[in-house]
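The next block holds one structure in the form of structure tokens; read it before the comments.
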Amino acid sequence: MAGADLARIALMEAELFGGEAWSLRLLEAELEAAGAEHPDRRYIVVEEGGHPVGYAGIYHAGGAADADLLTIATLPAVRGRGLARLMLEELVGTARAQGCGAVLLEVRRSNTGAQRLYLSQGFEPIGLRRGYYAAPREDAVVMRLGLREPLGPVGAEAVRDVRGAG
């Protein structure tokens, strides 16, 4: 990603996230930390006409069971075209390839559009973080997507399977 792209993304951050926006310096540090020698962090950018219109990032600590979706954003002019869904699918695929058992995220309680996207991709709300966002003060809905296949039947269903086998 070129420096000009990063500057545009910093402007998008400010437009989309206001007081919660990551600074250009923080974005630079994040991208530096996401180099090839750090496969635990990945950022992707969607461009149109050579300009970024969306971006997303994910992180998982080495050996951690879960990954955290750090950010996902698209410009208002390109919303409704499936770009956020494509970025989300790509990053969930990254987490799955890294062996993560789940992807976690926080989303503003008022951001029902994003919540609908996450629900449509299998995320489930698992909690609330009161006052998580500072500008303006707002709760965050914590959501989780399990990535591992169930191990098989449990409980009475498993007992029936064992008795029936043989």
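The values are calculated or read from the model by the stated rules, or taken from the named source; none is laboratory data. No experiment lies behind these values; they were computed from the predicted model shown. A quick note on method: Cβ atoms are made from the backbone with ideal geometry, for glycine too, and the neighbour counts reach across all protein chains shown.
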| message | Return the residues of segment 95-108 that are assigned to a strand (DSSP E or B) and of a type outside the set (A, V, I, L, M); say none if nothing qualifies. | response | GLU106, ARG108
| message | Every residue in segment 76-94 that is within 25 Å of TYR133 (Cβ to Cβ) and either in a helix (DSSP H, G or I) or modelled with pLDDT of 95 or more (or both), please. | response | PRO76, ALA77, VAL78, LEU83, ALA84, ARG85, MET87, LEU88, LEU91, VAL92
| said: Six or more apart or on different chains, Cβ atoms under 6 Å: show the pairs whose first residue is in segment 1-21 and at pLDDT 85 or above and among the aliphatic types (A, V, I, L, M) and whose second is assigned to a loop (DSSP other than H, G, I, E, B) and surrounded by 12 or more Cβ atoms within 10 Å (Cβ to Cβ). | reply: ALA14/ALA21
| Here are GLY122, GLY131: which of them is assigned to a strand (DSSP E or B) and either of a type in the set (A, V, I, L, M, F, W, C) or at pLDDT 95 or above (or both)? | GLY131
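Please find, among ALA33, ALA61, ALA95, the residue that is surrounded by fewer than 15 Cβ atoms within 10 Å (Cβ to Cβ) and under 15 Å from the mean Cα position of the chain (by Cα).
Within the list ALA33, ALA61, ALA95, the selection yields ALA61.
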| query | Out of all the residues in segment 135-159, which are over 22 Å from GLY99 (Cα atoms), at pLDDT 60 or above, out of contact with any helix residue (DSSP H, G or I) (no Cβ under 7 Å at 6 or more places or on another chain) and of a type outside the set (Lys, Arg)? | reply | PRO136, GLU138, ASP139, ALA140
| Of (1) modelled with pLDDT under 95; (2) in a helix (DSSP H, G or I); (3) buried (at least 16 other Cβ atoms within 10 Å of the Cβ); (4) among the aliphatic types (A, V, I, L, M), VAL162 satisfies all except one. Which? | (3)
